[in-house]
Amino acid sequence: MTINGHCLCKTIRFELSGPHNWVGHCHCDSCRRGAGAPVVTFIGHPNGQWHWTGATPTVFTSTPGNYRHFCPTCGSSVAYSSDRYPEEMHFHAALLEHPEVLKPSQDHHEDERLPWQLDAKL
């Protein structure tokens with residue numbers, strides 16, 4: 001199975017092939033601020049089974065060992081990588097051409113969830 005995604009302006013494009021390691025929601029402050037969203041859904045995909053098909057994103061070191069990949073043209077956050085997870089890239093699920101094919105099965109950093117999200121359905 002191959003799925004494709006892109007940023008808002010389509011400058012940054014990517015292709016994922018094969019199975020994902022995981023799909024889940026992240027509630028941490030850093031991811032929320034990096035994406036400008038109350039929660040960010042990521043696809044953990046193994047290195048060697050994805051590639052950029054458009055321009056290569058710009059990388060911002062958000063904290064030592066943690067990297068935010070974004071489009072230098074439109075500013076869209078497209079992925080996250082970390083020295084803690086050297087074998088995978090975390091792509092924003094919302095950027096897929098068909099995000100409905102995914103079903104998140106994990107929540108990360110629930111202790112940082114915004115208080116008003118406790119009553120919200122995700």
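Computed from the coordinates by the stated procedures, all read-outs in this text should not be read as laboratory data. Only a predicted model underlies this, so the values are computations on that prediction, with no experimental measurement involved. Glycine also receives a Cβ, built like all others from the backbone with ideal geometry; neighbour counts cover every protein chain displayed.
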ask   = Where in the chain lies the longest segment free of trypsin sites (Lys or Arg not before Pro) that are both loop residues by DSSP (not H, G, I, E, B) and have at most 15 other Cβ atoms within 10 Å?
value = 11-83
key: Relative contact order %, the range 2-114, counting alpha carbon pairs below 8 Å whose residues are six or more apart   = 34
message = For SER62, what residues show an amide H to amide H distance below 5 Å, using hydrogens built from the backbone and excluding near sequence neighbours?
response = TYR67, ARG68
ask   = In terms of modelled amide H atoms, which long-range or inter-chain residues lie less than 5 Å from the amide H of HIS108?
value = HIS25, CYS26, HIS27
ask   = Taking the range 1-94, which GluC sites (Glu not before Pro) meet the DSSP loop condition and have no more than 11 other C-beta atoms within 10 Å?
value = GLU87
